1. All but one of (1) assigned to a helix (DSSP H, G or I); (2) in contact (Cβ under 8 Å) with a residue 40 or more places away in the chain; (3) in contact with a Cys (Cβ under 6 Å, 6 or more places away or on another chain) hold for I80, so report the exception by its number.
2. If D32 satisfies all but one of (1) at pLDDT 90 or above; (2) under 17 Å from the mean Cα position of the chain (by Cα), what's the number of the condition it fails?
3. Which residues, taken from segment 7-37, are touching a residue at least 40 places away in the same chain (Cβ under 8 Å) and touching a Gly at 6+ places or on another chain (Cβ under 8 Å)?
4. Residues being touching a residue at least 12 places away in the same chain (Cβ under 8 Å) and small (G, A, S): count how many of those fall in segment 167-222.
5. How many of the residues in segment 7-22 are open to solvent by 10 Å² or more (accessible area, probe 1.4 Å) and either farther than 21 Å from D213 by Cβ or assigned to a strand (DSSP E or B) (or both)?
6. Can you tell me how many residues within segment 28-66 are closer than 19 Å to G86 by Cβ, surrounded by 23 or more Cβ atoms within 10 Å (Cβ to Cβ) and of a type in the set (G, A, S)?
7. Say whether the condition of being modelled with pLDDT under 90 and either in contact with a His (Cβ under 6 Å, 6 or more places away or on another chain) or among the hydrophobic types (A, V, I, L, M, F, W, C) (or both) is met by at least one residue in segment 84-94.
8. What pairs come out if I take residues in segment 248-275 that are more than 15 Å from I80 (Cβ to Cβ) and at pLDDT below 95 and pair them with residues that are among the small types (G, A, S) and part of a loop (DSSP other than H, G, I, E, B) whose C-beta lies under 8 Å away, six or more apart or interchain?
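The values are calculated or read from the model by the stated rules, or taken from the named source; none is laboratory data. Because the structure is a prediction, the values reported are computed rather than measured. Reconstructed Cβ throughout: ideal geometry from the backbone, glycine too, with neighbour counts over all protein chains shown. To get the accessible areas, we keep the full protein, side chains included, count just its heavy atoms, and leave off ligands, DNA and RNA. Shrake-Rupley method; radii C 1.70, N 1.55, O 1.52, S 1.80 Å.
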Amino acid sequence: DGESPCVEVAGEEGAEYIMAFDPSWSEAETSDDFAIQVIKLLPEQKKGVVVHSYALPGTNLKKHINYFKYILDHFNIIMIVGDYNGGVQFINSCNESEIFQKEKLKIGVFDANFNNPHDYVKDLKEARKQYNVKSKVICHLRKPVSVWIRSANEMLQTAFDRKKIYFAASAMDDNYSMQRAKKIPIKDLKFSKYEDEKNIGAKMIEFIEHQKDMIDLTKAECALIQVSSSAGGTQSFDLPPNLKRQKGIDKPRKDSYSALVLGNWGMNIYYDMMNVPEEKYQGFTPMFI
């Protein structure tokens with residue numbers, strides 16, 4: 001703690017970030033978390049750092065959209081990766097929301113399968129062709145098929161082993177002062193199910209400290225994941241059965257971990273995609289004979 005990189009409530013100038021989200025629609029307090037991870041890219045080393053995290057159950061969609069928009073406004077997001085199950089509705093809801101339409105903001109989705117390893121380069125080229133930061137076609141919604149689930153989890157394990165992904169430290173001293181001075185719409189943000197602070201200054205302090213708690217939560221969720229195999233040979237990555245049976249507002253969850261799996265996979269796809277030369281459209285050219 002105290003060393004850089006530390007948690008961030010607004011992005012560093014010139015830096016690039018990937019946002020990953022695992023949506024939850026239920027407004028019940030015992031529901032899954034709506035989870036978001038923001039990964040700061042270290043392009044020279046082909047690595048990333050988790051610098052911002054969000055996990056909130058039992059909250060209405062408007063609050064989630066508001067937080068999503070805050071991240072888009074205050075971090076230089078160059079790619080978004082989401083779970084297809086629920087992600088399609090969420091992106092559509094964002095685009096149709098008053099807050100997005102007021103600023104004429106629309107998040108576009110680019111498609112690519114990434115299911116068959118033999119077609120990986122072909123899929124990268126297709127994604128590169130559609131991907132466009134200027135027109136905000138930066139979102140990819142990943143269908144959680146069993147082959148991908150195993151591959152993405154192994155990719156995250158490899159990232160931990162080879163130190164390709166890091167977790168940000170707590171903001172202290174100069175870093176803390178720098179984060180506290182950031183201009184963000186803290187008054188309108190809901191980030192904790194326990195939050196009741198009305199004073200803006202105190203809420204900002206609480207928000208910075210909350211980010212460190214969210215990083216710790218993500219680490220804890222990753223550590224709890226248990227790998228099991230079915231009779232058919234399909235692997236699953238889930239909480240242990242005794243934890244899954246627990247109920248209540250403070251039950252163990254794995255949504256921050258799921259968002260991290262998506263984010264780490266998206267980071268690798270982005271680095272590989274940027275290494276693929278952008279193909280220019282080659283149409284029919286008339287010629288004299």
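1. Status for I80: all satisfied but (1).
2. Unmet condition: (1).
3. Y17, I18, M19, A20, F21, D22, P23, S24, W25, E29, T30, Q37
4. The number of residues fulfilling the criteria is 5.
5. So the count comes out to 6.
6. The number of residues fulfilling the criteria is 3.
7. No; the residues of segment 84-94 include none that is modelled with pLDDT under 90 and either in contact with a His (Cβ under 6 Å, 6 or more places away or on another chain) or among the hydrophobic types (A, V, I, L, M, F, W, C) (or both).
8. What qualifies is I249/G58; D255/S24.
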